[in-house]
Amino acid sequence: MKIAIVGCGNMGMAFAKSFLQYDLVKKEDLLLIEKSGDRSSTLRNEKAGVVVDTIGPRVGETDLIILSVKPQDFNSVHGALRAIIKPQQLVLSIMAGIPMAQIQEKLDHPLVVRAMPNTPAMLGMGITGFTAAKEIDPGSLRRVENLINATGRSIFLEDETMLDAVTALSGSGPAYFYYVVKAMIEAGKQMGFTDSVATILVKQTMLGSYHLINNADKSLDELIKAVASKGGTTEAALRSFEEGGLDDTLIAGIRAAQMRSTELSKS
């Protein structure tokens with residue numbers, strides 16, 4: 001399979017490195033299009049694929065084109081892509097906020113898959129929601145899904161509008177966890193720990209808690225109850241969270257992210 005990645009920032013390179021790691025594409029068949037001179041030099045030094053700085057005929061010779069540019073940069077590349085794209089090529093967009101219909105219109109090309117990954121994809125531990133145009137056959141969709149899964153896991157969505165919810169929940173989700181971790185570390189420092197000790201305590205607690213969520217045959221309520229003995233320290237903390245409306249605040253924040261994603265997709 002031959003793949004072209006247009007825009008080789010963090011997410012584009014997360015896909016590229018995952019493809020190479022799992023031998024899904026050969027380096028000579030991976031075309032990386034990056035306009036930044038410094039970034040292009042870095043990519044050439046890393047020998048991650050064939051690096052070029054402009055969209056040319058070679059892009060039209062690939063089986064799949066991955067659009068990984070910033071959404072605001074799409075208008076500067078769609079004309080060149082439209083001029084060279086072939087009828088049988090697949091397009092996978094990981095650009096946030098640009099609807100599938102708009103991509104199809106700008107490229108004059110129906111075979112589009114739209115996906116929303118998140119940053120843990122850079123470690124092969126991402127989760128990606130994706131949807132596809134009705135013109136794409138099941139076999140082609142499975143090939144794209146296998147490529148996406150090289151960066152972690154994926155969920156197919158029939159309804160494209162649900163990608164706004166994916167953006168809010170898992171796309172932006174890592175930042176929410178970082179926010180909580182940062183607050184916990186700050187609490188540790190206020191209680192007298194050094195930054196390094198507080199960080200170790202919180203990071204390992206989060207890592208261990210994830211594995212319990214993933215492996216224990218218990219619901220989240222049961223896991224909470226297992227820690228929060230009646231009249232104990234955890235119960236005191238949870239009561240404070242409830243009195244402060246922490247759960248409502250988190251839910252409201254995630255819904256705000258969803259609404260913003262919807263606004264961006266309509267702009």
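The values are calculated or read from the model by the stated rules, or taken from the named source; none is laboratory data. Given the structure is predicted, the values throughout are model-derived calculations rather than measurements. FYI the Cβ positions are ideal-geometry reconstructions off the backbone, even for glycines, and counts take in every protein chain you see.
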* Out of A183, A198, A132, A165, sole residue that is within 22 Å of F15 (Cβ to Cβ) and among the hydrophobic types (A, V, I, L, M, F, W, C) -> A132
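Within the range 51-63, work out how many residues are surrounded by fewer than 21 Cβ atoms within 10 Å (Cβ to Cβ) and either aromatic (F, W, Y) or not in a loop (DSSP other than H, G, I, E, B) (or both). Quick ask: steps written out before the conclusion?
Of all residues in the range 51-63, those surrounded by fewer than 21 Cβ atoms within 10 Å (Cβ to Cβ) come to 51-54, 56-58, 60-61, 63.
Filter once more, so that each one left must be either aromatic (F, W, Y) or not in a loop (DSSP other than H, G, I, E, B) (or both): 51-52, 57-58, 60-61.
Residues in the range 51-63 being surrounded by fewer than 21 Cβ atoms within 10 Å (Cβ to Cβ) and either aromatic (F, W, Y) or not in a loop (DSSP other than H, G, I, E, B) (or both): 6 in total.
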* Asked: Which residues, taken from the range 212-228, are in a helix (DSSP H, G or I) and loosely packed, with under 10 Cβ neighbours inside 10 Å?
  -> N214, N215, L220, D221
* Asked: Which condition breaks for S172 when tested against (1) more than 30 Å from T262 (Cβ to Cβ); (2) among the hydroxyl-bearing types (S, T, Y); (3) surrounded by 15 or more Cβ atoms within 10 Å (Cβ to Cβ)?
  -> (1)
* Asked: Taking V181 and the conditions (1) assigned to a helix (DSSP H, G or I); (2) assigned by TED's automatic domain parsing to the domain that holds M95; (3) of a type in the set (V, I, T), which numbered condition does it fall short on, given that it satisfies the others?
  -> (2)
* Give me a count of the residues in the range 35-70 that are touching a residue at least 60 places away in the same chain (Cβ under 8 Å) and either aliphatic (A, V, I, L, M) or touching a Cys at 6+ places or on another chain (Cβ under 9 Å) (or both). => 6
* **Residue count for the range 119-134, restricted to those that are farther than 9 Å from S170 by Cβ and small (G, A, S)** => 4
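Would you check if I98 is in the same structural domain as T119 (by TED's automatic domain parsing) and under 22 Å from the mean Cα position of the chain (by Cα)?
Details: in the same structural domain as T119 (by TED's automatic domain parsing): yes; under 22 Å from the mean Cα position of the chain (by Cα): yes.
When the stated conditions are applied, I98 passes them.
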* If only one of L92, L141, L147, L81 is of a type outside the set (S, T, Y), assigned to a helix (DSSP H, G or I), assigned by TED's automatic domain parsing to the domain that holds F15 and closer than 16 Å to F15 by Cα, which one is it? -> L147
* Just checking, how many residues over the range 25-49 are crowded, with 17+ Cβ neighbours inside 10 Å and not charged (D, E, K, R)? -> 9
* Just checking, which of A132, A150 is within 22 Å of Q88 (Cβ to Cβ), in contact with a helix residue (DSSP H, G or I) (Cβ under 9 Å, 6 or more places away or on another chain) and modelled with pLDDT of 95 or more? -> A132
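Does T161 count as within 30 Å of V91 (Cβ to Cβ), in contact with a Gly (Cβ under 6 Å, 6 or more places away or on another chain) and among the polar types (S, T, N, Q)?
Working: within 30 Å of V91 (Cβ to Cβ): yes; in contact with a Gly (Cβ under 6 Å, 6 or more places away or on another chain): no; among the polar types (S, T, N, Q): yes.
So T161 fails the test.
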* Asked: What single numbered condition from (1) within 29 Å of K266 (Cβ to Cβ); (2) of a type in the set (V, I, T); (3) part of a helix (DSSP H, G or I) fails to hold for I66?
  -> (3)
* **Residues located in the range 229-248, provided they are over 19 Å from F177 (Cβ atoms) and part of a helix (DSSP H, G or I)** => T233, T234, E235, A236, R239, S240, E242, E243
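From the list L92, L141, which residue is closer than 25 Å to I55 by Cα, crowded, with 19+ Cβ neighbours inside 10 Å and in contact (Cβ under 8 Å) with a residue 12 or more places away in the chain? Outline the logic, then answer.
Values: L141 fails: crowded, with 19+ Cβ neighbours inside 10 Å.
Exactly one of L92, L141 is closer than 25 Å to I55 by Cα, crowded, with 19+ Cβ neighbours inside 10 Å and in contact (Cβ under 8 Å) with a residue 12 or more places away in the chain, namely L92.
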